[in-house]
Structure formats: C-alpha cells, structure tokens
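**Q** My questions will all concern the structure given below.
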Amino acid sequence: MSRSKVLLVAVVVAVLGLGAGASLAATGARSEQAPAPTPQALGPTTSHDLEFVPVDPCRLADTRQGGGIVGTNATRNFLISGSAGFPAQGGTSGGCGVPDGALAAELTIISADATAPGFLRAYPFGGSPTATILAYQNGPNLLNTGTVALCEGTCASDLSVKSFQASTQVIIDVNGYYMPNRFASVDGAGALVSGARVEDTARVSEGLYSVTFDSDLTGCAAIATGSDTTNQADMWARVSTDDPTVVEVDIENPANPNTQQDNEFFLHVVC
C-alpha cells in the first residue's frame, strides 16, 4: 500500500458531504471537495487511526444500466465492497477493489436524467438519511464527491441512497476507501485484548511475541509501547524478515539488560 496515506481520525463519519447547493455539472470543474472525516463527526467505537487507500476511479453503480431510475422519495441500496453483484446495479464486473471491512469510501455520486429538481442523501445501509450529498435539476447531469460511511459488520448492502422531490438516475464511482489502521493490544500471555486487522497473536517465549496481520507490512513502521505502568519494560518491534505479515515484539527488563520478561503491550503499525 505504498500509495496509501494515514489519516488521523477516530472512526468513520455517518456521511460527510457538501450541502444541498454544492453540486456541479458533470462535465465541468470540480467544486470544493467534501472534507475528510473529523473527530467531531465520527461515530462508533474506537479512537484508532483510519488508513485511506486511493484507487483509480471505478464505476460501482449506474442505474441506467441496472436497476432503473430511482423514484421520487425512494431508497436504493448499493454494494460498494467485495467482488460480486455489481453488474446487477450497473457497476464494473468483479467490483472496484474495495475490500470487505472498509468502513467508508470516497465516492463521486452523479445524478442523470432527473425529472425535476431534487436532492440525494447517501448513508450506511441500515442507517438514516441525514445529510445531503447532492442537489440535482432536470437538465444537466450533476455530481458531487464526498466521504460516506459504509455499513459495518455483516450487511446485505453497503450504502443506501434516497431521492427527495424527484426521480433520477444514480451513478456511483469510487476514488478510494478507508480501512482501520493496524493495531493490537496484547496481554502478557500473548492473547489479543483488542485490535484491528489482526490474524493471530502468540507468546513465542519469555519476552518474545509475534503478531500476525492481514497483509504484507513491507515498508511499514511498527511501534510497541507498554500499557502496564507498574511493570515497565524496554520494547522493540520489527517486521519479521521471514514473514512480512508478522511483527515481532521483544521485551526486556530495564533493570537487567538482555533479560527478557513478559509484559502486556500496545502495538501500532503505520504504513
């Protein structure tokens, strides 16, 4: 993920889009882009970072090709992640490379062939339509780009779009997605307390632990810190030279150099 960049945000927005008047012609210059997620706007459960992974613009849905026009005050559900089901919604066969587990996506949403002025709201499947992502008119195709949260967990769809006041065709392109950054909180016995994108943890021997993540960490930085203030220790973390998905954590007693000791730790990986 050499193209990815880390955004220091807590979790994901319900919807971060521009206001009802912030739209533009599909053939014109892009207006101010919707802001990146901010801590004040964020929702669920963790304060750990999200990682933005850009992708080449790719079509996820086009109701002109699948599903038909979205009626007045109607809701349409869409897939964003995964690799199946996209042709039925007019999208690219095989999907656009957004993995399961993505918490949000940067989407360009386009209104085409609207029957009258109206607006669209985009929100996680199963949620409530609270923020307008695009205002449209009958006439020119209009678009807007914003960061929208996706349904978290096991979901039949990822995203819902609701029209208000008039029918319109809806086209959705993806420009990137947000994944939880990799972290692990591990106890002294090597058991995972909490984490993101962790496949396995183990106590290899006294003071030596391994944490396996879900992808290659070549070029990433691993940082281990102690969370037990009564049992201080010196800690080193490094990506394994044998397996680039594994981070090795070495813990030593600061009072006895070169003497390893068990200790709980918090591991953060930044790529």
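**Q** Please list, ordered by first then second residue, the pairs with beta carbon atoms under 8 Å, 6 or more apart or interchain, first in the stretch 53-69 and in the same structural domain as T145 (by TED's automatic domain parsing) and at pLDDT 95 or above, second of a type in the set (D, E) and part of a loop (DSSP other than H, G, I, E, B).
**A** Every condition considered, the pairs that remain are R64/D113; I69/D113.
**Q** Is it the case that some residue within the stretch 218-234 is within 30 Å of D158 (Cα to Cα) and of a type outside the set (S, T, Y)?
**A** Yes: the stretch 218-234 contains one or more residues that are within 30 Å of D158 (Cα to Cα) and of a type outside the set (S, T, Y).
**Q** Quick check on this structure: which one of S93, S128, S83 is touching a helix residue (DSSP H, G or I) at 6+ places or on another chain (Cβ under 8 Å) and either in a loop (DSSP other than H, G, I, E, B) or over 21 Å from P57 (Cβ atoms) (or both)?
**A** Result: S93 is the single residue among S93, S128, S83 that is touching a helix residue (DSSP H, G or I) at 6+ places or on another chain (Cβ under 8 Å) and either in a loop (DSSP other than H, G, I, E, B) or over 21 Å from P57 (Cβ atoms) (or both).
**Q** Those residues that are among the hydrophobic types (A, V, I, L, M, F, W, C), closer than 30 Å to P129 by Cα and surrounded by fewer than 20 Cβ atoms within 10 Å (Cβ to Cβ), I need them from the stretch 156-195; list them, please.
**A** Listed by number, the residues that qualify are A156, F164, A166.
**Q** One residue is enough: does the stretch 138-147 have a residue meeting the conditions at pLDDT below 95 and on the phi > 0 side of the Ramachandran plot?
**A** yes
**Q** Could you list all residues from the stretch 242-263 that are among the hydroxyl-bearing types (S, T, Y) and at pLDDT below 95?
**A** Across the stretch 242-263, the qualifying residue is only T259.
**Q** Here's a follow-up. Does the stretch 219-233 contain any residue that is crowded, with 17+ Cβ neighbours inside 10 Å and either at pLDDT below 90 or assigned by TED's automatic domain parsing to the domain that holds E106 (or both)?
**A** Checked against the condition, which is being crowded, with 17+ Cβ neighbours inside 10 Å and either at pLDDT below 90 or assigned by TED's automatic domain parsing to the domain that holds E106 (or both), the stretch 219-233 yields at least one hit.
**Q** Mind listing just one residue for me: the one in the stretch 196-205 that is over 21 Å from the mean Cα position of the chain (by Cα) and either of a type in the set (K, R) or surrounded by 22 or more Cβ atoms within 10 Å (Cβ to Cβ) (or both) and, of those, farthest from P99 (Cα to Cα)?
**A** Only one residue fits best here, namely R203.
**Q** Looking at the structure I just gave you, is L120 in contact (Cβ under 8 Å) with a residue 40 or more places away in the chain, closer than 17 Å to N175 by Cβ and either part of a loop (DSSP other than H, G, I, E, B) or assigned by TED's automatic domain parsing to the domain that holds I171 (or both)?
**A** no
**Q** Moving to a separate point now. How many of the residues making up the stretch 200-215 are under 30 Å from S81 (Cα atoms), at pLDDT 95 or above and not hydroxyl-bearing (S, T, Y)?
**A** 3
**Q** Then there is this: When only residues in the stretch 84-107 that are more than 19 Å from A149 (Cα to Cα) and of a type in the set (A, V, I, L, M) count, which is surrounded by the fewest Cβ atoms within 10 Å (Cβ to Cβ)?
**A** A84
The values are calculated or read from the model by the stated rules, or taken from the named source; none is laboratory data. Just so it is clear, the model here is predicted, and its values are computed rather than measured. As a convention, Cβ positions derive from the backbone with ideal geometry for all residues, glycine included, and neighbour counts pool all protein chains shown.
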